[in-house]
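Read the structure below first, then the notes.
The values are calculated or read from the model by the stated rules, or taken from the named source; none is laboratory data. These numbers come from a predicted model, not from an experiment. Every residue, glycine among them, receives a Cβ derived from its backbone with ideal geometry; neighbour counts consider all protein chains shown.
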């Protein structure tokens with residue numbers, strides 16, 4: 001792979017991650033889903049352990065959007081991208097914030113790893129894994145951490 005192709009692939013993946021954050025802000029499930037493959041597997045921070053396939057992920061996504069009264073702000077920090085041929089991955093820290101449907105504020109950081117496949121010349125998300133660290137002493141998620 002040439003340096004030019006590698007830079008182009010990285011730029012396309014960064015653009016996809018920006019589009020994802022903007023679509024989440026708009027709570028537009030169709031825009032988010034346009035970035036995924038049909039056979040994607042999602043390991044989200046919320047139950048269940050995994051969500052498989054575009055239909056199930058879209059249902060889960062819409063349920064998450066409905067939990068918010070406001071747009072969902074999505075700040076992406078420290079995005080690192082590696083691409084080679086038809087596969088790529090990236091990892092970053094994401095801050096999700098907004099106002100929940102009950103009026104309470106929401107503000108949390110999660111770790112995010114996203115795997116891409118090149119499909120028909122476009123990079124599509126085939127796997128995502130979001131996580132929160134947890135405290136060994138309490139057994140509870142450490143959702144109050146920030147970079």
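Laid out as a table, the results:
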read-out: Filter result for the condition that a residue is under 30 Å from residue 134 (Cα atoms) and at pLDDT 95 or above, over 31, 20; value: 20
read-out: Of residues in the stretch 23-37 being without any contact (Cβ under 8 Å) to a residue 12 or more places away in the chain and surrounded by 13 or more Cβ atoms within 10 Å (Cβ to Cβ), the one nearest to residue 90 (Cα to Cα); value: 34
read-out: Residues satisfying the stated conditions in the stretch 123-147, i.e. more than 18 Å from residue 76 (Cα to Cα) and at pLDDT below 95; value: 134, 135, 136, 137, 138, 139, 140, 141, 142
read-out: Filter result for residue 65 (at pLDDT 95 or above and closer than 13 Å to residue 123 by Cα); value: no
